[in-house]
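Readers should treat all values here as calculations from the given coordinates under stated rules, not as data from a laboratory. Remember, predicted model here, so these are calculated numbers, not experimental data. Positions of Cβ are generated from backbone atoms using ideal geometry, with glycine treated the same way; all protein chains shown enter the neighbour counts.
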Amino acid sequence: MVYERNLGKSAHRHFEAAELLYADMAVHRNHKPVAGYLYGIAGELAVKKLMQKSGIQEDTTGHRGGPYYAHFPELKTLLRNAEGRRAGELRIIAEDTTLFQNWHISMRYAPGSAVQNKWVDAWKNSATSLLHRMDAV
């Protein structure tokens, strides 16, 4: 099944789920790493929505390469050469060393104890900032 793509709405949906898990951490300590993972997904989707708004074309041939299929930190690396209307903003995101530092898609396979609470707190801030940027344009 192929689902409709809506990067902006999806970013907000993942962020809202992360917020629920983050808030529930007092009851279920193992939810905080999952919240961190979802903050990263929300941040990636926000960046990809900014890419759309910049005019960066997505490969629609079915080939799963390029920045629309990349995850942090590779996504940031690919944005260093961004072109388009919002290229400067995308390059600033790419060069921000604090943005999703220590986040990697492979964390979904790691034990929750491998994800530090301070990282999740930072990822929450990163995702919040990226969603604000996405919504501002």
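Take the Cα of Asp135, step 7 Å toward its Cβ, do the same at Asn81, and the gap between the two points is 3.4 nm. With the simple model of a label 7 Å out from the Cα in the direction of the Cβ, Tyr3 to Ala114 spans 2.5 nm.
A straight Cα-to-Cα reach below 16 Å connects Lys49 with the lysines Lys9, Lys76, residues fewer than 8 places away in its own chain not being considered.
Which ordering of Met1, Met51, Met107, Met134 is given by a fewest-first count of other beta-carbon atoms within 10 Å? Write out the running numbers ahead of the final one.
On the way: Met1 2, Met51 25, Met107 18, Met134 22.
In order of increasing Cβ crowding within 10 Å: Met1, Met107, Met134, Met51.
Quick one: Tyr68, Tyr37, fewest Cβ neighbours within 10 Å first, how do they rank?
Details: Tyr68 20, Tyr37 23.
Exposure proxy ranking, most exposed first: Tyr68, Tyr37.
Contact order for the chain, expressed relative to its length and based on alpha carbon pairs under 8 Å spaced 6+ residues apart, stands at 30 percent. Once the Cβ-Cβ distance of Asn30 and Arg91 is raised to the sixth power relative to R0 = 35 Å, the FRET efficiency obtained is 0.45.
Give me the number: length gained by fully extending Ser106 to Glu16, i.e. 0.36 nm times residue separation minus the C-alpha to C-alpha distance, one decimal in nm. Walk me through the intermediate numbers first.
Values: separation 90, 0.36 × 90 = 32.40 nm, distance 2.15 nm.
Length difference between fully extended and current span is 30.2 nm.
Compared with the direct C-alpha span, the chain from Arg64 to Thr128 gains 20.3 nm at full extension, assuming 0.36 nm per residue. Binning all Cα-Cα separations of the chain at 5 Å, short to long from zero, yields these whole-percent fractions: 2, 11, 20, 23, 19, 13, 8, 3, 1, 0.
Quick one: order Lys76, Lys9 by neighbouring beta-carbon count within 10 Å, fewest to most. Please list the in-between numbers first.
On the way: Lys76 22, Lys9 12.
Ascending Cβ contact count within 10 Å gives the list Lys9, Lys76.
Each Cα pair under 8 Å and six or more residues apart adds its sequence gap; the mean of these over the residue count of region 3-49 is a relative contact order of 51 percent.
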